[in-house]
1. Open to solvent by less than 30 Å² (accessible area, probe 1.4 Å) and hydroxyl-bearing (Ser, Thr, Tyr) - does that describe any residue in the range 107-122?
2. Checking the condition more than 26 Å from Ala259 (Cβ to Cβ), in contact with a His (Cβ under 6 Å, 6 or more places away or on another chain), modelled with pLDDT of 95 or more and not assigned by the TED database to the domain that holds Thr42, which residue from Arg364, Arg349 passes?
3. State whether one or more residues within the range 194-204 are within 28 Å of Gly20 (Cα to Cα), small (Gly, Ala, Ser), open to solvent by less than 50 Å² (accessible area, probe 1.4 Å) and touching a Leu at 6+ places or on another chain (Cβ under 9 Å).
4. Gly340 is checked against (1) in a helix (DSSP H, G or I); (2) modelled with pLDDT under 95 and fails just one. What number does that condition carry?
5. Output the residues belonging to the range 355-377 that are touching a helix residue (DSSP H, G or I) at 6+ places or on another chain (Cβ under 6 Å) and crowded, with 22+ Cβ neighbours inside 10 Å.
6. Can you find a residue that is out of contact with any Lys or Arg (no Cβ under 7 Å at 6 or more places or on another chain) and more than 24 Å from Thr221 (Cα to Cα) anywhere in the range 90-106?
7. Take the range 15-27 and flag every residue that is at pLDDT below 95 and open to solvent by less than 60 Å² (accessible area, probe 1.4 Å).
8. Restrict the check to the range 41-49 and report whether at least one residue is in contact with a Lys or Arg (Cβ under 6 Å, 6 or more places away or on another chain), open to solvent by 10 Å² or more (accessible area, probe 1.4 Å), assigned to a loop (DSSP other than H, G, I, E, B) and closer than 26 Å to Gln315 by Cα.
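The values are calculated or read from the model by the stated rules, or taken from the named source; none is laboratory data. Keep in mind that this is a model prediction, so the values were computed, not measured. Counting neighbours? That spans all protein chains shown, and the Cβs are built from the backbone with ideal geometry, glycine included. For the accessible areas, the whole protein counts, side chains as well, though only heavy atoms, and no ligand, DNA or RNA atoms are used. Shrake-Rupley method; radii C 1.70, N 1.55, O 1.52, S 1.80 Å.
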Amino acid sequence: MQLELSRVVQGRSRLGVLKGLGRTGQHSLEVPGCLLYTHFGTVPHLTQDTLHTLRNLPSVTQVTLAEHQEVLEEFKDGFRKFAGLHDTVVYCSLHDPATLCPTGYTTNKTVSVWGSGGRIELTVAKFMALQKTVQPDWYQSMADGETWQNSTSRKRVRKSVDRTLAHLDECLLVHQKSQELDGVEVFGVVEGGDILEERVRSARETAKRPVAGFCLDGLQTASMDQRLRTQLITAVNKELPEDKPRLLQGVGRPDEVLACVEAGVDLFESFFPFQVTERGCALCFSFDISPDPERAGRAPPEGVAKNLNHDDQTQMTSFEINLKDKRYQDDFRPLVEGCGCYCCKNHQRAYLHHLLVTNELLARVLLMIHNTSHYHGFFSALREALAKDKLDLLKTRVLRTQGVVVLTCFCLTFPF
């Protein structure tokens, strides 16, 4: 795995390609970019055939598999063959980024992950046995990530950093002795809660270990405001080598992605389209950096966006429209004008509204097609904006869209 940077914009935003991915080294991933979010190797609601009708899909598939360890051990031939995955790089993460995990279950020797059957307690030995069974192309090290809440004490945060470094050392020791993991890459995890000194210590010590890249944990949406998140990421990245990728966990909202890219983040998890789909919503924010002002749309009134609270990940954001709303029952436009996805080319908002209110399974299939396409299109536009010195224009488009939707919601609640 090798990160080749082609540009660094304003000293932080990084544009490049992550090369040499996979056991054969034939895959690559453009940065800034995102991983392909899946449930047990499958993008929710989509078959593999349907998924691959979409463009701009990343070459790395993210899986979270602790609850399936027993069946994979019985199968013996690795997760890629078990799930029928072809021509993709498999990254195994510790937690599902779309689900917040309960806290209070971590010990000095174990961490807990949560699946459909409840809590699963992992020791380093069990965690590494899972990696040998899954046979991924890269995985994150085991970590104590229970310090994302802003009420966490300094003592608990320090303990989290110490435990995570100890887990990493144990994982690396097992990894280096394991023939099954030959050629597999390890990402070290940077913890530290909201305490700058602990973040810096975690980054500095993790960078001393032989890891291929870094996972920045505990900075997810709802854990802290963006200003503090940017400050911590900027400080952490000063301690990390320039030639290794930085994956930010738990952040997927477009405005936060833009801010974190400006702070030097390379990779993100693409769980946000799934969350939007589960709400019965469609992504509609603009990322068009065309110079044509008619295509770009008009700017919203100043100060409208500040009325919206984005802290709860389960609530609708200003980057989407709620198709269950009655106003869409006779709206015969596509979800997004000009979108080339199957849903927008063949169906109208009114049809999606009908499918949702009648609880048809097809509703979330079509929504997931659109939301996945739209989100990955946003990352393509982000890379283009960095390449063409148009990042400020892209930010204006994305945040302008935010303001328009906020105004609509406000008018519905408080009619003039």
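1. There is at least one residue in the range 107-122 that is open to solvent by less than 30 Å² (accessible area, probe 1.4 Å) and hydroxyl-bearing (Ser, Thr, Tyr).
2. Arg364
3. Checked against the condition, which is being within 28 Å of Gly20 (Cα to Cα), small (Gly, Ala, Ser), open to solvent by less than 50 Å² (accessible area, probe 1.4 Å) and touching a Leu at 6+ places or on another chain (Cβ under 9 Å), the range 194-204 yields at least one hit.
4. Tallying (1) in a helix (DSSP H, G or I); (2) modelled with pLDDT under 95, Gly340 fails exactly one: (1).
5. Ala363, Leu366, Leu367, Met368, Ile369, His370, Asn371, Thr372, Tyr375
6. Among the residues of the range 90-106, not one is out of contact with any Lys or Arg (no Cβ under 7 Å at 6 or more places or on another chain) and more than 24 Å from Thr221 (Cα to Cα), which makes the answer no.
7. Once the filter is applied, which keeps residues that are at pLDDT below 95 and open to solvent by less than 60 Å² (accessible area, probe 1.4 Å), the range 15-27 yields Gly20, Leu21, Gly22, Gly25, His27.
8. Scanning the range 41-49, I find at least one residue that is in contact with a Lys or Arg (Cβ under 6 Å, 6 or more places away or on another chain), open to solvent by 10 Å² or more (accessible area, probe 1.4 Å), assigned to a loop (DSSP other than H, G, I, E, B) and closer than 26 Å to Gln315 by Cα, so the answer is yes.
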